[in-house]
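Worksheet for the structure shown next.
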Amino acid sequence: MKSRRSAEVIIIGGGIAGLSAAIYLGRAKRDTLVIDSGKSMARWEPDVQNYLGFPDGISGNELLRRARNQARRYHVKFARDEILSARTGVAQFQLRGCKSNYTCRRLLLATGIFHIPPAIPGVKPCLGHSMFFCKDCDGYRVQNRSIAVYGWSNETVEYALAMLAYSRRVAIVTDGHKPRWSRHHEKWIRAHRIPIHRLTIRDVRHHRGQIQSLQFNGEPDLNIEGLFTTRGDIYFSHLAENLGAKVNRAGEIVVGVDMRTTVKGLYAAGCVTPANCQMIIAAGQGATAAQAINRNLFEEGLAKLSLKMWKKPDLAASQTREPPK
C-alpha cells in the first residue's frame, strides 16, 4: 500500500519556477509540498552568467541548492517522487506517484522541458561548457570564436544569422540530414556567406569539455570552439493533458497572465509554458503563480468564512521572544 500525503498546495517540479513559487507560498503561510523528481534542466548549467545578483556567475546546482534551503526556511516540505498521473476529485486534485499518492486543493505544474541534445558521439561532456542550447544565455560567452549551429530547419538558419552578432565565424552542420529550410532562408545563408557542412558527424574532439573540432566522414575536421543545437524541446505537459488543460501544438501548457490554466485550481509556470525558457523568467513566473494561488485561496476563504488564522501557540511563542536590541 502506498502512503498518502496531502497539502494545501502541491508544486510538481523542483526547478527554478517551482522553488520560486514555493518560497512565496511558504511566506504566505500556505501548507506547501514540492514533489521533485530531480530532473531540473538547471542542473546542466555549470556557469549561469545572466541570473540577476550573481555578477561572477553561479552553477545551476548551487542555485537550486540555495533555493531549496530558502524554501525550507519557510516550512515548505519536499518529497522525492515522480508523478505518474493526475485527476480531479471533489474540490481537490489527486496525484499518483511512484512512491506515494497525494491530494491538494491547488496544483502548480512546474515540470519543465528537456532540451534534445545533438546526436553526436562524445558530445555529452561538453554540455554547458562549449555545447549550448540557448543563444540568449550563452551567445555572449562565445564572442569572436568559431561557432557551429547544429540543425537543418528554418530555425537553424535564423539561429546562425542571430549568432553573427557575436562572431563572424559561424557555420551550419546538418549531420547528414537533408536541409528543410525555405528558399527565402537559403537566400539569407548565401547573402551572409554562412558555410554549410552536410556530412555526418563521426565524432567530436574536445579537451575537458571544451570542443576543439567536429570530425566528419569524408571531409576535413571543422575546428570550432562553440556548438549550438536547434533539435528542439520536449515539454513535460502530460499531467496537464490528463487534467484536461489546454496545451498548444508544441506541447506547452497554455496559461493566462496569472499563470492559471484552463482548469480551475490548476496553474503552470516556467519552461513548460510558452515563455522564453530563461531561469530568471521561470523564477518570475513561479512568483506570479504563487501570488495568484494565494489570492485565490484567500478569496475562497472569504467566501466560505474560513480564512487561515494565526494560531495561538505561534502568537504565544512570538510574545516570549526578546525584543531586538
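The values are calculated or read from the model by the stated rules, or taken from the named source; none is laboratory data. Keep in mind that what you see is a predicted model, and the values were worked out from it rather than measured. Positions of Cβ are generated from backbone atoms using ideal geometry, with glycine treated the same way; all protein chains shown enter the neighbour counts.
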### Message
If I filter the stretch 297-305 for residues that are within 16 Å of residue 32 (Cβ to Cβ), among the aromatic types (Phe, Trp, Tyr) and at pLDDT 95 or above, do I get at least one hit?
### Response
no
### Query
Any residue at all in the stretch 254-264 that is in the same structural domain as residue 92 (by TED's automatic domain parsing), touching a strand residue (DSSP E or B) at 6+ places or on another chain (Cβ under 7 Å) and farther than 17 Å from residue 286 by Cβ?
yes
### Message
Checking the conditions here, which among 68, 73, 5 is more than 18 Å from the chain's Cα centre (by Cα), crowded, with 16+ Cβ neighbours inside 10 Å and either at pLDDT below 95 or not small (Gly, Ala, Ser) (or both)?
### Response
5
### Unique match (being part of a helix (DSSP H, G or I), on the phi < 0 side of the Ramachandran plot and surrounded by 14 or more Cβ atoms within 10 Å (Cβ to Cβ)) among 214, 239, 227
239
### Message
Looking at residue 186 and the list (1) over 30 Å from the mean Cα position of the chain (by Cα); (2) charged (D, E, K, R); (3) surrounded by 13 or more Cβ atoms within 10 Å (Cβ to Cβ); (4) in a loop (DSSP other than H, G, I, E, B), which single condition is not satisfied?
### Response
(4)
### Message
Kindly evaluate residue 202 against the criterion of being farther than 22 Å from residue 140 by Cα, in contact (Cβ under 8 Å) with a residue 40 or more places away in the chain and in the same structural domain as residue 130 (by TED's automatic domain parsing).
### Response
yes
### Task
Of all residues in the stretch 99-129, count the ones that are touching a helix residue (DSSP H, G or I) at 6+ places or on another chain (Cβ under 8 Å) and buried (at least 16 other Cβ atoms within 10 Å of the Cβ).
12
### Task
Would you confirm whether any residue within the stretch 254-270 is surrounded by 15 or more Cβ atoms within 10 Å (Cβ to Cβ), among the aliphatic types (A, V, I, L, M), under 20 Å from residue 45 (Cβ atoms) and touching a helix residue (DSSP H, G or I) at 6+ places or on another chain (Cβ under 8 Å)?
yes
### Query
Can you tell me which residues in the stretch 1-38 are in a strand (DSSP E or B) and either within 12 Å of residue 279 (Cα to Cα) or out of contact with any helix residue (DSSP H, G or I) (no Cβ under 8 Å at 6 or more places or on another chain) (or both)?
3, 4, 5, 6, 7, 10, 33, 35
### Query
Of the residues in the stretch 143-158, how many are surrounded by fewer than 21 Cβ atoms within 10 Å (Cβ to Cβ) and either out of contact with any Gly (no Cβ under 7 Å at 6 or more places or on another chain) or assigned to a helix (DSSP H, G or I) (or both)?
7
### Query
Looking at 100, 59, which is the one that is touching a Pro at 6+ places or on another chain (Cβ under 9 Å) and hydroxyl-bearing (Ser, Thr, Tyr)?
59
### Residues (part of a helix (DSSP H, G or I) and surrounded by 13 or more Cβ atoms within 10 Å (Cβ to Cβ)) located in the stretch 159-183
159, 160, 161, 162, 163
#### Entry: Residue list for the stretch 55-65, restricted to those being surrounded by fewer than 17 Cβ atoms within 10 Å (Cβ to Cβ) and in contact with a helix residue (DSSP H, G or I) (Cβ under 8 Å, 6 or more places away or on another chain)
61
### Query
Scanning for something out of contact with any strand residue (DSSP E or B) (no Cβ under 8 Å at 6 or more places or on another chain) and under 24 Å from residue 260 (Cβ atoms), does the stretch 43-57 turn up at least one residue?
no
### Message
Please go through the stretch 39-75 and give me each residue that is among the polar types (S, T, N, Q) and either in a helix (DSSP H, G or I) or without any contact (Cβ under 8 Å) to a residue 12 or more places away in the chain (or both), ordered by number.
### Response
61, 69, 70
